[in-house]
Amino acid sequence: MNILLVEDNEAIIKGLIYAFEKNNYTLFYKTRIKDAKDFLLENSEIDLAILDVNLPDGNGFDFFKDYVKNKNIPAIFLTVRDDEDDIVKGLNIGAEDYLTKPFSAKELLARVNKILLRYKKQSIIKIQDISYDTEKMELFRGQDKIELSALELKIVNYLFSNVNRVVSRNILLDKVWEWTGNYVDDHTITVYFKRIRTKIGTDIIKTVKGIGYRIDEE
């Protein structure tokens with residue numbers, strides 16, 4: 001798991017690097033908002049951000065709103081001010097948590113673990129040995145990625161977005177037409193599902209006779 005820390009206090013940085021690496025996290029740190037912006041532009045694999053509110057070239061609230069939130073990266077704010085208005089502001093703009101200084105690395109790690117566990121559950125759907133990452137739109141059998149065409153992936157994504165619900169063939173026909181702009185018939189849907197099932201290799205897609213298809217949670 002990759003964590004981005006934006007903090008200018010060297011003592012805090014050193015303590016958190018040690019604590020996070022000891023717990024098998026990769027911690028990247030930046031001391032200025034400008035450097036953190038550049039880092040996010042070049043690195044997309046960040047699982048969580050820890051942001052100081054007061055930084056030399058700006059504040060963590062604006063950085064979160066402008067550069068972190070739209071990447072769907074959960075965030076924890078750090079501040080020396082135990083101010084109720086700041087806490088409310090941080091949570092209202094979408095932060096997951098808020099911690100006032102001084103704090104223990106153990107407490108911060110506990111909050112990070114809780115947030116990441118919740119996000120992992122939300123974004124990864126696992127059915128038998130098949131897992132689907134709804135954020136990255138990637139399908140895996142065990143640790144092996146299943147390569148799908150763009151249209152096959154859209155169909156799979158639609159099914160996983162409607163787990164435990166029947167997706168009718170008529171809806172799929174409309175969706176394929178919407179995605180491609182090309183006319184498709186009922187036989188086309190059958191062909192696509194045959195290809196998808198062959199690639200998946202596990203019978204997780206159930207046919208509801210005369211209606212459509214369904215993926216069920218175990």
Exercise. Nearest-5 percent of antiparallel DSSP beta bridges in the chain?
Worked result: 50
Problem set entry | Once exposed loop chymotrypsin sites (Phe, Trp or Tyr not before Pro) are cut out (DSSP; at most 16 other Cβ, 10 Å), longest piece of the chain | 1-102
Seminar exercise, completed: Here Rg/Rh (Cα, Kirkwood) for the chain equals 1.10
For this session: Please give the calculated 222 nm ellipticity per residue for the chain, where each DSSP H segment of at least 4 residues contributes -39500 (n - 2.57) and the sum is spread over every residue; nearest 500 deg cm²/dmol?
Result: -13000 deg cm²/dmol
Exercise. Counting other Cβ atoms within 10 Å, which trypsin sites (Lys or Arg not before Pro) in the range 95-194 have at most 13 and lie in a DSSP loop?
Worked result: Lys136, Arg165
Seminar exercise, completed: Per residue, accessible area of the range 72-218 with a 1.4 Å probe, heavy atoms of protein chains only, in Å², comes to 59
Problem set entry | the range 40-169, dipole about Cα centre (Lys/Arg Cβ +1, Asp/Glu Cβ -1), debye to the nearest 20 | 720
For this session: Roll a 1.4 Å probe over the protein chains and send me the accessible area per residue for the range 1-57 in Å².
Result: 54
Exercise. Applying the Karplus parametrisation 6.51 cos²θ - 1.76 cosθ + 1.60 with θ = phi - 60° to the phi angles of the range 49-56, what ³J(HN,Hα) value in whole Hz is obtained for each residue in order, glycine and proline being reported as x?
Worked result: 10, 10, 10, 6, 6, 9, 10, x
Exercise. In the range 23-149, what percent of the accessible surface is made up of carbon and sulfur (1.4 Å probe, ligands and nucleic acids excluded)?
Worked result: 45
Exercise. What percent does the relative contact order of the range 7-155 come to when contacts are Cα pairs within less than 8 Å and at least six residues apart?
Worked result: 15
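The values are calculated or read from the model by the stated rules, or taken from the named source; none is laboratory data. Model, not experiment: these values are computed from the prediction. Every residue, glycine among them, receives a Cβ derived from its backbone with ideal geometry; neighbour counts consider all protein chains shown. Please note that ligands, DNA and RNA were not included when accessible areas were found on the heavy atoms of the full protein model with its side chains. Shrake-Rupley method; radii C 1.70, N 1.55, O 1.52, S 1.80 Å.
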